[in-house]
Amino acid sequence: MAESVGFIGLGNMGNPMAANVLKNGFPMTVFDTNPRTMENLVQAGAKAAASAKQVVESAEVILTSLPGSPEVEGVYLDHGGLIELARPGSVLVDLSSVLPSTPRKLESRAKARGVHFLEAPVSGGVTGARAATLAVMCGGDAAVLERVGPILRSIGPNIYHVGAVGSGNTLKAINNMMASVNALAMMEGLVLGLKAGLDLHTMAEIVKASSGNSNALARVERALIPRNFEPGFKVQLMNKDLDTFNTIARELHVPVSFSNVAQRYQQAALAAGLGENDTSVIFTLIERLAALAPTPKPGVLP
């Protein structure tokens, strides 16, 4: 019989991840402080809990997807938190992107109570969460990962055991730094091309067939041309992840430059009130800095 699963944190990423676990036949109990986020899951067969405590009491494996370290540490470590309430032998899996010090702290506390803990930050954004194509970077005991592997494969086919707890979130921070720098370099180049009179679609097609090709170019058709900045990955979350990367770099005395530039762009977007938008919205800031009139939406006069 499939292990019972609890899912706490049903935001932009958590909700579609929970939906895919549920589709794979795992009995599920869900909880979020916003009851509306549970509705589609309950309609699909999940049980709604009134609290995180009810989730822990009803599940053998509990997954969490929360905004950052403060929220994760609160849910896990506060009085009446997940580690205090979890039954010995159960597994706690945090899918959030946090400082590596957070999962290390959680693992030691969990072990003391006979509870298993894994960190499992994911990459692929909302699109990947909906399509169940996420990459999952796990840190912790390999035997525990093997136990929960069928559950995690519900959210993505690429499940990696990176090493000890903390290593998964370190790699996630590295990945997001590289993705952000790559995307921002692309956007700067494209804005230069627009100001030089080149066509955005044409530039993207040619670069795709050239040495500058990268996954970032998918943003051209998805976000930049239609001016669609609905969040796939929010500015505020990328700012947090870049801050994590820079914190790790300072702790390890690794000189870094590009991540600092990337974070300044995220902070400029935050200052402009764009924190809830997709990181692609920074394209509009670069346009303004270049004194370039923004490209109107198709069919809309400027």
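The values are calculated or read from the model by the stated rules, or taken from the named source; none is laboratory data. Just so we're clear, the structure is a prediction, and the values are computed from it rather than from any experiment. Positions of Cβ are generated from backbone atoms using ideal geometry, with glycine treated the same way; all protein chains shown enter the neighbour counts. What goes into the accessible areas is simple: the full protein's heavy atoms, side chains included, and nothing from ligands, DNA or RNA. Shrake-Rupley method; radii C 1.70, N 1.55, O 1.52, S 1.80 Å.
With the crude spin-label approximation of a point 7 Å out along Cα→Cβ, what separation in nm comes out for Ser58 versus Arg264?
Here the modelled spin labels are 5.0 nm apart.
Tell me which lysines have Cα within less than 20 Å of Lys105's Cα, excluding those fewer than 8 residues away on the same chain?
Lys172, Lys240
Roughly speaking, what is the stretch gain from Thr247 to Arg153, that is 0.36 nm per residue apart minus the C-alpha to C-alpha distance, in nm to one decimal?
Details: separation 94, 0.36 × 94 = 33.84 nm, distance 3.06 nm.
Extra length available between Thr247 and Arg153 comes to 30.8 nm.
Given the C-alpha atoms of the range 72-213, compute the convex hull and give its volume per residue in Å³. Show your work: numbers first, answer last.
Values: hull volume 18.6 nm³, N = 142.
Expressed per residue, the convex hull around the Cα atoms of the range 72-213 is 131 Å³.
On a straight-distance basis, which lysines could pair with Lys195 in a cross-link, Cα separation under 23 angstrom, same-chain partners fewer than 8 positions away excluded?
Lys208, Lys297
Just subtract the alpha-carbon distance of Ala272 and Ser101 from 0.36 nm times their residue separation and send over the number in nm, one decimal.
Values: separation 171, 0.36 × 171 = 61.56 nm, distance 3.09 nm.
Going from the current span to full extension adds 58.5 nm.
Across all directions of projection, what mean area in square nanometres is found for the Cα convex hull of the range 151-302? Intermediate results must be reported in sequence, preceding the final value.
Values: hull surface 45.6 nm².
Spelled out: convex hull of the Cα atoms, projected over all directions, averaged, 11.4 nm².
Students often get this wrong: which residues of the range 151-189 have the backbone nitrogen under 14 Å from the point 7 angstrom along Cα-to-C-beta of Leu198?
Label zone hits: 185-189.
Once the principal axes of the Cα atoms of the chain are found, what is the range along each, listed largest first in whole angstroms?
For the chain, the Cα extents along the three principal axes come out at 64, 48, 35 Å.
Using a 1.4 Å probe over the heavy atoms of the protein chains, calculate the carbon and sulfur portion of the accessible area of the chain as a whole percent.
Numbers: 8040 of 14130 Å².
C and S fraction of accessible area: 57 percent.
Under 13 Å from the Cα of Lys234, which aspartates and glutamates turn up, not counting those fewer than eight places away in the same chain?
Partners within reach: Glu276, Asp278.
On a 0 to 90° scale, report how tilted helix 235-252 is relative to the longest principal axis of the chain, with both axes built from alpha carbons and the result rounded to the nearest 10.
80
Working from Cα positions, state the angle (0 to 90°, nearest 10) between the long axis of helix 258-271 and the longest principal axis of the chain.
The angle comes out near 90 degrees.
Compute the FRET efficiency between Glu3 and Asn228 as 1/(1 + (r/R0)^6), taking r as their Cβ-Cβ distance and R0 = 35 Å, and round to the nearest 0.05. List each step's numbers first, then the result.
On the way: r = 39 Å, r/R0 = 1.10.
Using R0 = 35 Å, I get an efficiency of 0.35.
Go ahead and run the numbers for FRET between Asn215 and Ala48, Cβ-Cβ distance against an R0 of 35 Å, rounding to 0.05. Working shown, then result.
Details: r = 37 Å, r/R0 = 1.05.
Taking R0 as 35 Å, the efficiency between Asn215 and Ala48 is 0.45.
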